[in-house]
Every structure is written in C-alpha cells, then in structure tokens.
Amino acid sequence: MGETQRNDRRRALLIAAPRLTAWFAANRRAFPWRESRTPYKVLVSETMLQQTRIEAVLKYYERFMKAFPTLRALAGAPEDLVMKHWEGLGYYSRARNLKKCAEICAEHHDGKLPETYAELIRLPGLGPYSAGAVASLCHDEAVPAVDGNVLRVLARFFGDARDVRLPEVRKEAEDVIRAVLEDGLVSPSLFNEALMELGETLCAPKGKPQCECCPWEKICRAHAEGREEKLPYRSAGAARAVEEKTVWIFICGGRIALEKRPNTGMLRGLYGFPMTEGTVPDAETADTVLRDRGIAPLRVLPFGIAKHVFTHKEWHMTGYLAETEKPVPGFSYVTAGELANSYALPSAFRAYRDRLAAGR
Ligand code: SF4
C-alpha cells in the first residue's frame, strides 16, 4: 500500500472515530471485566476471549477470578489448580503463560502488571494484541490492539479484499490505528474498545452484519458496495495433519488411571488417559497388545471412537476400557469424583470422560 493510500485511510478512520466512540458510549455492554477495570482483569478476559466467544467466557472468567482474584494469588497457586480452572477453554499454554507472567510480576513488578506496551510485550503470553489491549484500555497509551474482530471490521470499512491472514495486512491495520491514536483526537481506550465491540456485535463474523444499526453505515465501503458479506477474504489455511491414537481407560478396583503427559508436545504437563500411537482395530487385538506389554487385563471392551480438532492437527482416537486386577505401573489412579472435580482433563479426552460418567 502506498503512502497516499495510507494517508487516505488514516484520514477516513479519523473522521469515522467520533461516530464509533459515540455509538460505543451509548451501547457499551456490561461485563465483569469492565466493572472497576484493572489491568489483571483485562489481561485474563482478553486471554480467554482470544479463543472463545464472550457468552461462553463469562462463566470461565467468574470461576477463574474467584479462585485467583489477583496476580499474586495466581502466581502463588499450584499449576495443576490453575489448569483445573482453565478446563474447558482449551489452549492450556495460554493459562501456563498467564501464570508465568503472574510469577514474574510478583517477583519484579511488585505484584502488578507493568504499564507500558514496551514492558508488557516482554512478558510471557502477551502478544501485540493483549499488550495493546492492557496498555490502551487501562493506561490510555496510543497503541493498537488488533485481533480478528478488528481486522474484519477494518477490511469491511475500507473495502479491502486482501487476505487478512497476511502479516502485512495486520501490520497496516496496526499502523493506521496507531496513526489515528497518535493524532490525540480520540481516547485510545475508548477507540480500541469501541472497535472490538463493533466487531463482536454488529459487524460479527457469522451471519449478515447489522449495517442498518452501525455508526459507520453511511461511510463503510463494503456496505456501500454490497460486499459486507464477502469480506474479509481469508485464504484457506494448510490442511490439518491427522494422527491416529488409541486411548486406554484402565480401571482397577473402581479407580481410573491417569497419565501426566510429558513436558513437551501437545497438552504438555496435563493429565489425560494413557494413550498410544496408531489405531488398535478391535478388542481382541487390544488384549494382545496389553499382554505383550506385560499387562494382564481381566477384560477389554471397545470404548468408542472420538475425534478432537486442534488448530493444526486432528486426533482420531479409538478407545478401549481394560479392567485389571492390579494397577498398571506408572499411572495415577483416581476416583470418578476426583476425575470430575480435581483434575483438569483437556477437552480432547472429554468424550471418554463423559462415557465413563455415563457408564457406557
Ligand atoms: S456498515 Fe456493516 S459492514 Fe460496515 S462496519 Fe458497519 S456493520 Fe460492518
């Protein structure tokens, strides 16, 4: 994009800003993280919102903040407990980074998040979006906070048909917002939050945008050209790799075996059901596989198939329930109650946990 086009965009956004912030002031939704706002509340909510819609986040947010009301509380909590309170949100590395960030802040920043974007971006788990959100929303620093919602709104507003996955498209969105904020005519906090709100409500990703209610209805290029449902353009990502797995539900004396996953790889450091690579096709073969490994099952039953989709790969799982007389070495055995209440089981294993709970 040339200099002239960049300037045109900056001017257009500058002119559009007051309508957006006025709309936001009148239509702002109430959320717990907006009440008596603190940087910690913004960080936790924005980290959760990167992966889940607001309606779904509310209950997780309340539960998490009740357990860890301050950065210091989060820093001092056992990691397994933090994971348990993140259960259901997925992307456990985000929770782990949030805890690491809390530990650094407890040790080096008097238990508070630093105030500037430059310092925030150096903390674990804070990328340009979350550092920008904390710095602008809490300290009115003139920095952008560009996520998928903001990219969509800008692609429509400017009628930009380029691929929003391209790094230069994101960078240009950040640059134009920064230029508008640095002009000093609009509050960074108000403008950034208003843009996010527009992308979460009227200019949402699914369904037809509600242009008739939008403060930019008369000045939005995509709407003027009838292209609002065609934008943004997003190229297809690389195909996800499929991995075949066999999940083992070992039961001994009514207790269930859990395995702490290694500290590297997928779902690292979390508890899950024991798993081996590849598909074991039937219960008879499963029985043989276990005996070959020195495990003598009393009985082996098929326990269904399940699929879990991660961002870049899919697990196609085949489950077997194997009752044993003695615990299989190397695993922790827990009661059904402990499994439900004390262990953060990643959603990849949820189908098998639910089948166990339902007695199937
Ligand atoms: S007019 Fe429609 S497409 Fe344009 S920003 Fe508003 S809601 Fe989105």
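Quick look at the numbers
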{"read-out": "Helix axis angle, 148-158 relative to the chain longest principal axis, alpha carbon, degrees", "value": "30 degrees"}
{"read-out": "Nearest-20 debye value, the range 220-360 charge dipole, Cβ charges on Lys, Arg, Asp, Glu", "value": "420 debye"}
{"read-out": "Cross-link pairs Lys66/Lys245; Lys41/Lys313; Lys171/Lys208 - those with Cα-Cα distance over 29 Å", "value": "Lys66/Lys245; Lys41/Lys313"}
{"read-out": "Average accessible area per residue (Å²) across the range 241-357 - probe 1.4 Å, nucleic acids and ligands excluded", "value": "50 Å²"}
{"read-out": "Dipole magnitude of the chain about its Cα centre (Cβ charges: Lys, Arg +1; Asp, Glu -1), debye to nearest 20", "value": "440 debye"}
{"read-out": "Given charges at beta-carbon only (K, R positive; D, E negative), |dipole| of the range 75-215 in Debye", "value": "580 debye"}
{"read-out": "Anisotropy class of the chain from Cα gyration tensor, a/c 1.5 cut", "value": "prolate"}
{"read-out": "The range 241-357: relative contact order as a whole-number percent, Cα under 8 Å and 6+ apart", "value": "35 percent"}
{"read-out": "Pairwise centroid distance, computed over Cα atoms, of the range 43-103 with the range 209-235, Å", "value": "34 Å"}
{"read-out": "Options Val300, Pro144, Trp315, ranked by Cα towards positive dipole end of the chain, top entry (Cβ charges)", "value": "Val300"}
{"read-out": "Beta bridges per DSSP with both ends in the range 241-357, % antiparallel, nearest 5", "value": "65 percent"}
{"read-out": "Between 0 and 90°, nearest 10: helix 3-27 axis offset from the chain longest Cα axis", "value": "80 degrees"}
{"read-out": "Loop trypsin sites (Lys or Arg not before Pro), the range 80-128, which have at most 13 other Cβ atoms in a 10 Å radius of their Cβ (DSSP)", "value": "Arg122"}
{"read-out": "Per-residue [θ]222 nm for the chain (sum of -39500 (n - 2.57) over DSSP H runs n ≥ 4, rounded to 500)", "value": "-14000 deg cm²/dmol"}
{"read-out": "Degrees between helix 167-182 axis and first principal axis of the chain (Cα, 0 to 90, nearest 10)", "value": "50 degrees"}
{"read-out": "Loop-exposed GluC sites (Glu not before Pro) per DSSP, neighbour cap 12 Cβ within 10 angstrom, longest uninterrupted part of the chain", "value": "36-224"}
{"read-out": "Over the range 126-207: Kirkwood hydrodynamic radius from C-alpha pairwise inverse distances, Å", "value": "12.7 Å"}
{"read-out": "Accessible surface, per residue, of the range 3-224 when the full set of protein chains is kept, probe 1.4 Å, Å²", "value": "45 Å²"}
{"read-out": "Accessible-area composition of the chain, carbon plus sulfur, in percent [1.4 Å probe]", "value": "52 percent"}
{"read-out": "Of all DSSP beta bridges in the chain, antiparallel share, percent nearest 5", "value": "60 percent"}
{"read-out": "Choice from Ser189, Ser235, Ser36 with maximal GNM fluctuation in the chain (Cα, 10 Å cutoff)", "value": "Ser36"}
{"read-out": "Estimated distance in nm for a label pair at Arg28 and Thr335, the labels positioned 7 Å out from Cα along Cα-to-Cβ", "value": "4.8 nm"}
{"read-out": "Within-9-Å neighbourhood charge of Pro32 [Cβ basis; K, R +1; D, E -1]", "value": "0"}
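The values are calculated or read from the model by the stated rules, or taken from the named source; none is laboratory data. All values reported here derive from a predicted model rather than from experimental measurement. No Cβ is skipped: glycine too gets one built from the backbone with ideal geometry, and neighbour counts run over all protein chains shown. Calculation scope for accessible area: heavy atoms of the full protein, side chains included, ligands and nucleic acids excluded. Shrake-Rupley method; radii C 1.70, N 1.55, O 1.52, S 1.80 Å.
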